[in-house]
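Please read the structure below before turning to the comments.
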Amino acid sequence: MYFPVAARAGSWSRALAGSVRFAFAFLAAFAVFAAAGPAQALVEIDVTQGNVEPLPIAIPDFGGPGGDAEVARDVSAIISSDLRRSGLFRPLDPASFIEQNVNVGTPPQFGSWRPIGAQALVVGSVTRQGDGRLRAEFRLWDVFAGEQMLGQQFFTTPDNWRRLAHIIADAIYERLTGEKGYFDTRIVFVAESGPKDNRVKRLAIMDQDGANVRYLTRGDSLVLTPRFSPTRQEITYMAYSDEAPRVYLLNIETGQREVVGNFPGMTFAPRFSPDGQKVVMSLQQGGNSNIYVMDLRSRRTTRLTNSPAIDTSPSYAPDGSRIVFESDRGGSQQLYVMNGDGSGAERISFGPGRYSTPVWSPRGDLIAFTKMHQGRFMIGVMRPDGKGERILTEGYHNEGPAWSPNGRVLVFFRDTPGASGGPQLWTVDLTGYNEQRVPTEGFASDPAWSPLLD
């Protein structure tokens, strides 16, 4: 499976607006520089074999006058960090730079960048406007062709400089790979603290790189399985309130919370439909559990499976036509795919071991899962027909994969053994060769990735 790099020239504009703490008070991006001509493809990724040679890219510190110089340097540092963590780019050591004091308004001396192996060059600046806003601009250059590939400028409030950096990194990622980026996103997760036998679990949210952590619940009730809506800044999750499990909807921006419904028995793994209008979940009644879907407008619940087994962890295909889920109806935990109305269920996992926590890629081409075999916990992917199974990572206890919005990276949690051990968040890309820990203040589990922010 290959992701060819787009060789398109030109630039585009982007407008963003938002509210409260995690969104932009105001940001507008304008394409201000035209590319000189078509550029050659710079990266080709073979995710089936893991043959990825990161693209050498030079990112000098962005310029900025006076008190803005530190912010400018921080913006360029985050851009570099985002691209490095993707595994597709290798930011070069600034000590190797021959040309110093590069200026965003002047073409670089390409002869100074080719000898150090730079194939792409990012030059930018951050300045403060008279109204107090920050103005950032950058240019992306193809060093070998000596041509500009992209140029943009942005305006935002000073407190949103980190998000500004993520947006620029997304623009560079898209121009060089032909795919949408995933840096201007957030991860919701369960933050865990306290002794192993008495953990306090709070719902938390942070930027995809671990910054800007915010707690969404107080920890006075157990919270599990948070999941993002694909269409708005809203999450669904399960919580034990008064010793009864309930499914909640929480608007991240307003803090407004509502109960989806009170269901008899246990409720597991709620997840949104692709249009954000329904929630699919597993309800336990007696010794078995089945999958139900609830329309969030009418609150009408429809049963999708009816088997004397445990059917759970449903996840929609991105077009909503099918659902993958796990079931022990065949004697052990395996993965099944059925139509959106519950008909035509077929088993798709046939390897050794048990399979669980399936989640459909937003691209529609793969299903991620947790696999348990001979005491090992593995995170893997397979095609929707069950073919092409690949294990990306394994460890003492790996579980709970969730996709980045571009379908290229998975976030999951890995538990560590011992009385003082606990779960931590990690990411791995589809090659399986780029595994990164996501820093959190304490233990963390049950991650879910947001769509790109608006």
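Miscellaneous remarks
- Picking from residues in region 174-215 that are assigned to a loop (DSSP other than H, G, I, E, B) and more than 16 Å from the chain's Cα centre (by Cα), the one that is modelled with the highest pLDDT is 178.
- Residue in region 364-403 that is modelled with the lowest pLDDT, counting only those that are charged (D, E, K, R) and under 19 Å from residue 336 (Cα atoms): 399
- Residue match in region 162-172 (condition: more than 17 Å from the chain's Cα centre (by Cα) and open to solvent by 10 Å² or more (accessible area, probe 1.4 Å)): no
- Checking each residue in region 216-256 for being without any contact (Cβ under 8 Å) to a residue 24 or more places away in the chain, of a type in the set (A, V, I, L, M, F, W, C) and part of a loop (DSSP other than H, G, I, E, B) picks out only 222.
- The residues of region 138-173 that are of a type in the set (D, E, K, R) and outside any helix (DSSP H, G or I), listed by number, are 139, 142, 147.
- A single entry from 152, 100 fulfils the requirement of being in contact with a Lys or Arg (Cβ under 9 Å, 6 or more places away or on another chain) and either buried (at least 19 other Cβ atoms within 10 Å of the Cβ) or in the same structural domain as residue 53 (by TED's automatic domain parsing) (or both): 152.
- Any hit, region 264-275, residues being at pLDDT below 95, among the β-branched types (Val, Ile, Thr), in contact with a strand residue (DSSP E or B) (Cβ under 8 Å, 6 or more places away or on another chain) and in the same structural domain as residue 238 (by TED's automatic domain parsing): yes
- When residue 315 is tested against (1) touching a residue at least 12 places away in the same chain (Cβ under 8 Å); (2) loosely packed, with under 14 Cβ neighbours inside 10 Å, exactly one condition is not met: (2).
- Which listed residue is in contact with a helix residue (DSSP H, G or I) (Cβ under 9 Å, 6 or more places away or on another chain), free of Cβ contacts under 8 Å to residues at least 40 places away in the same chain and of a type in the set (Ser, Thr, Tyr), from 76, 112, 80, 96: 80
- Every test in (1) closer than 24 Å to residue 377 by Cα; (2) at pLDDT below 95 is passed by residue 300 save one, and that test is (1).
- Unmet requirement for residue 194, which otherwise passes all of (1) open to solvent by 40 Å² or more (accessible area, probe 1.4 Å); (2) on the phi < 0 side of the Ramachandran plot; (3) without any contact (Cβ under 8 Å) to a residue 60 or more places away in the chain: (2)
- Unmet criterion (only one of (1) assigned to a helix (DSSP H, G or I); (2) within 14 Å of residue 56 (Cβ to Cβ); (3) open to solvent by less than 30 Å² (accessible area, probe 1.4 Å); (4) not polar (S, T, N, Q)) for residue 84: (3)
- If you go through region 396-408 and pick out every residue that is in a strand (DSSP E or B) and either in contact with a helix residue (DSSP H, G or I) (Cβ under 9 Å, 6 or more places away or on another chain) or surrounded by 22 or more Cβ atoms within 10 Å (Cβ to Cβ) (or both), you end up with 5.
- Residue-level analysis places residue 393 outside the set of residues that are part of a loop (DSSP other than H, G, I, E, B) and either touching a residue at least 40 places away in the same chain (Cβ under 8 Å) or farther than 22 Å from residue 52 by Cβ (or both).
- Of the residues making up region 416-449, those that are of a type outside the set (S, T, N, Q), outside any loop (DSSP other than H, G, I, E, B) and in contact (Cβ under 8 Å) with a residue 24 or more places away in the chain are 425, 426, 428, 429, 435, 438, 443, 444, 446, 447, 448, 449.
- Residue satisfying condition, being surrounded by 21 or more Cβ atoms within 10 Å (Cβ to Cβ) and assigned by TED's automatic domain parsing to the domain that holds residue 405, within set 380, 342: 380
- Among the residues making up region 295-311, those that are surrounded by fewer than 23 Cβ atoms within 10 Å (Cβ to Cβ) and either out of contact with any Gly (no Cβ under 9 Å at 6 or more places or on another chain) or not in a loop (DSSP other than H, G, I, E, B) (or both) are 295, 297, 298, 300, 301, 302, 303, 307, 310.
The values are calculated or read from the model by the stated rules, or taken from the named source; none is laboratory data. These numbers come from a predicted model, not from an experiment. In this analysis, Cβ positions are derived from the backbone assuming ideal geometry, glycine residues included, and neighbour counts consider all displayed protein chains. The accessibility values were calculated without ligands, DNA or RNA, using every heavy atom of the protein model including side chains. Shrake-Rupley method; radii C 1.70, N 1.55, O 1.52, S 1.80 Å.
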